[in-house]
Amino acid sequence: MDSFFEQSKLVNAYDVDLNNRLKINTLFNYLQDVASEHAESLNLGFKDLIVKDLGWVLSWAKVQIEESPEFGETIKIRTWPKCRYKLFSLREFIVCNESGKVLYRVSTAWLLINVKTKRITDIKNLPQQIYYQPDQYAINEFPEKITSDKDKEILFCKKIRYTDLDINQHVNNTKYIELILDCYSAEYHKNNYLKSLTVSFISESFYGDDLEIRFAPKGSKEKFDVVEGINQKTSKQVFQALVEWAIPVLK
């Protein structure tokens, strides 16, 4: 079985933001599409697992951004399973332009769950073995819990609606990426660019839930803003994120 998988994507007009840069939430959609197709080719995809009441859940992701493609560009996404780490199965991605220049480096951590009980289950229960490539990595890091004791301001609240839901009837993780980006004004997006993003997806949210989006800006000695989503009904953390920005260099 081929541990590596590559696919090209055309960046459409609705995939870019007001700066004509690929939106990070759209990048997440691309990555998950490619990961899904690779898993299907390995007989480890949705159709193969659902018959055993199993499914993959994205638990953590880190994206390092070198450069963002524009509308009309074609990008190449290469992915592979890196290793097993604790209960996680790690999958890496490198995204390049047509000239081979690296645009994004991405590391993700996935959990295998029983879709009926919602409990984490051992990867040994998979119908096929995963052939990892531990010496190949996009980002040489492993998932860690995001911790922050900084005071956070409630920026806004989000009521979960129909369009926020996915096939699993809960909020798709790309929606949380949108909420993170919405913590910043259009003017801020115009004058800065995202350098890195680390997100932990902690718990589910469902139709009708209200999420508090809380924000703590970086300090003078820190690199990252902190963003988190809290379910008002349960007081549970839904996601946490570290957000790193940079000022673009004028060409």
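The values are calculated or read from the model by the stated rules, or taken from the named source; none is laboratory data. For clarity, every value in this text was computed on a predicted model and none was experimentally measured. When we count neighbours, we look across all protein chains shown, and the Cβ atoms used for this are built from the backbone with ideal geometry, even at glycine. The accessibility values were calculated without ligands, DNA or RNA, using every heavy atom of the protein model including side chains. Shrake-Rupley method; radii C 1.70, N 1.55, O 1.52, S 1.80 Å.
Brief remarks on what is shown
- For residue 38, neighbours were defined as the other residues whose beta-carbon sits under 12 Å from its Cβ, and their charges (Lys and Arg +1, Asp and Glu -1) total -4.
- The Cα center of the range 44-101 and the Cα center of the range 194-233 differ in position by 21 Å.
- Assigned charges on the beta-carbon of Lys, Arg, Asp, Glu; the chain dipole about Cα centre (debye): 500 debye
- Close amide H partners of residue 205, meaning residues 5 or more places away or on another chain with modelled amide H under 5 Å apart, are 171.
- Pairs of Cα atoms nearer than 8 Å and 6+ residues apart set the relative contact order; for the range 75-166 it is 24 percent.
- Per-residue ³J(HN,Hα) for the range 135-147, Karplus 6.51 cos²θ - 1.76 cosθ + 1.60, θ = phi - 60°, Hz, x for Gly and Pro: 8, 10, 8, 8, 10, 8, 9, 10, x, 10, 5, 7, 10
- Nonlocal amide H pairs with residue 155, under 5 Å, H built at 1.01 Å: 213, 214, 215
- Percent RCO, i.e. relative contact order, over the range 1-49, from Cα pairs under 8 Å lying at least 6 residues apart: 30 percent
- Summing Lys and Arg as +1 and Asp and Glu as -1 over all other residues whose Cβ lies under 12 Å from the Cβ of residue 172 gives a net charge of -3.
- 91, 21, 78, ranked by accessible area, largest first (probe 1.4 Å): 78, 21, 91
- Surface exposure of the chain, expressed per residue as accessible area with a 1.4 Å probe, stands at 54 Å².
- Structure-based [θ]222 nm, the chain - -39500 (n - 2.57) summed over DSSP H runs of at least 4, per residue, nearest 500: -4500 deg cm²/dmol
- Among the protein heavy atoms, those of residue 187 account for about 110 Å² of accessible surface (1.4 Å probe, every chain in place).
- Top of 68, 235, 205 by mean-square fluctuation, Gaussian network on the chain, Cα under 10 Å: 235
- Each residue of the range 93-103 was assigned a 3J(HN,Hα) from its phi angle through the Karplus curve 6.51 cos²θ - 1.76 cosθ + 1.60 (θ = phi - 60°); the sequence is 9, 10, 10, 10, 8, 5, 7, x, 6, 6, 9 Hz, with glycine and proline shown as x.
- Among 13, 138, 241, residue whose mean-square fluctuation peaks in a GNM of the chain (springs only between Cα atoms under 10 Å): 13
- GNM remark for the chain: springs join alpha carbons under 10 Å apart, and the peak mean-square fluctuation among 227, 51, 199 falls on 51.
- Members of 152/221; 9/118; 23/190; 23/175; 152/236; 86/159 lying beyond 23 Å, as alpha-carbon distances in this model show: 9/118; 86/159
- Rounded to the nearest 20, the Cβ-based charge dipole of the range 29-176 about its Cα centre (Lys and Arg +1, Asp and Glu -1) stands at 640 debye.
- In order along the range 18-27, the phi-based Karplus estimate (6.51 cos²θ - 1.76 cosθ + 1.60, θ = phi - 60°) of 3J(HN,Hα) comes to 5, 9, 6, 10, 4, 5, 5, 5, 5, 4 Hz; Gly and Pro are listed as x.
- Among the protein heavy atoms of the range 112-219, carbon and sulfur supply 45% of the accessible surface, probe 1.4 Å, non-protein parts ignored.
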